[in-house]
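All remarks here apply to the structure that follows.
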């Protein structure tokens, strides 16, 4: 009898405690901390490297071609604006970069006279749209737009013979410049596409990495004698040139400061 009373009392206490616990307010779950906004104007810098490919061809004079390809260093600054809507982001960006020298090559190497050719872009830039996805504090994006470059294309004819060359009525020793040139200096526009990844360290600073592929419009350098006249008297002027098609592939790291 005594054991029965104890069991009944314990059951009543357990029931009372459970009922009291059910009446307590339920604590709401803690909401995750929201990501910082990417919306706003930003400025920053970038540094990296790339590969430049310059395809030279001569439709008439030496009737040959060459494609020197080599790496180069690049660094510069950018300014842009992002607008974030939920997990989406769109924006615009402009940048300007300085670049190291590209590789030279020889065109017409099977002839007694040949050209040393080179194409450099000391300064280049892009104007691009960006669109991406924000996941937490990370942005993954694609980008594309217009590109420009200050192209300096040079071609210098030299005596490619192992002995001497007779050019323009003059004898030149092996390796000597003949005075004939094919130069172009001007701004060329093109197109650029790429992709990148960026991480927001705090509400103002971001770091990231970016890849850009750029193709520029062809440039043509007229082949000239030392006195400035066209070297191809029997050929139409459009074919008395050294043409160049320049492309670059750049990978770079970037850092930005968001102003607002």
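No value in this document is a laboratory result; all are computed from the given coordinates. Treat the numbers as computed from the prediction; the structure is a model and nothing was measured. Here the Cβ positions follow ideal geometry from the backbone for every residue, glycine too, while neighbour counts run over all protein chains shown.
The residue 142 and residue 239 beta-carbon pair, evaluated with R₀ = 25 Å, returns a calculated FRET efficiency of approximately 0.05. In whole angstrom, how far apart do the alpha carbon centroids of the stretch 152-166 and the stretch 243-260 sit? About 36 Å separates the Cα centre of the stretch 152-166 from the one of the stretch 243-260. The fewest-to-most ranking of 197, 212 by surrounding Cβ atoms within 10 Å reads 197, 212. Contact order, relative form, for the stretch 115-260: 21 percent (alpha carbon pairs under 8 Å, 6 or more residues apart, mean separation divided by residue count). Here the average projected area of the convex hull drawn through the C-alpha atoms of the stretch 177-230 stands at 6.8 nm².
Shape annotation for the stretch 44-258: C-alpha extents along the principal axes are 73, 30, 24 Å, from largest to smallest. Here 72, 166 are placed in order of increasing Cβ neighbour count within 10 Å, fewest first, which gives 166, 72. Relative to its Kirkwood radius, the Cα radius of gyration of the stretch 131-215 gives an Rg/Rh of 1.40. The alpha-carbon atoms of the stretch 116-176 define a convex hull whose volume equals 141 cubic angstrom per residue.
Computed from the C-beta positions of residue 193 and residue 259 and an R0 of 25 Å, the FRET efficiency is 0.35 to the nearest 0.05.
Of the residues 63, 165, the one with the fewest other Cβ atoms within 10 Å heads the list, and the complete ranking is 63, 165.
Approximating the spin labels as points 7 Å out from Cα along Cα→Cβ, the residue 166-to-residue 201 distance works out to 7.0 nm. For the pair residue 133 and residue 47, the difference between a 0.36 nm per residue extended length and the Cα-Cα distance amounts to 28.6 nm.
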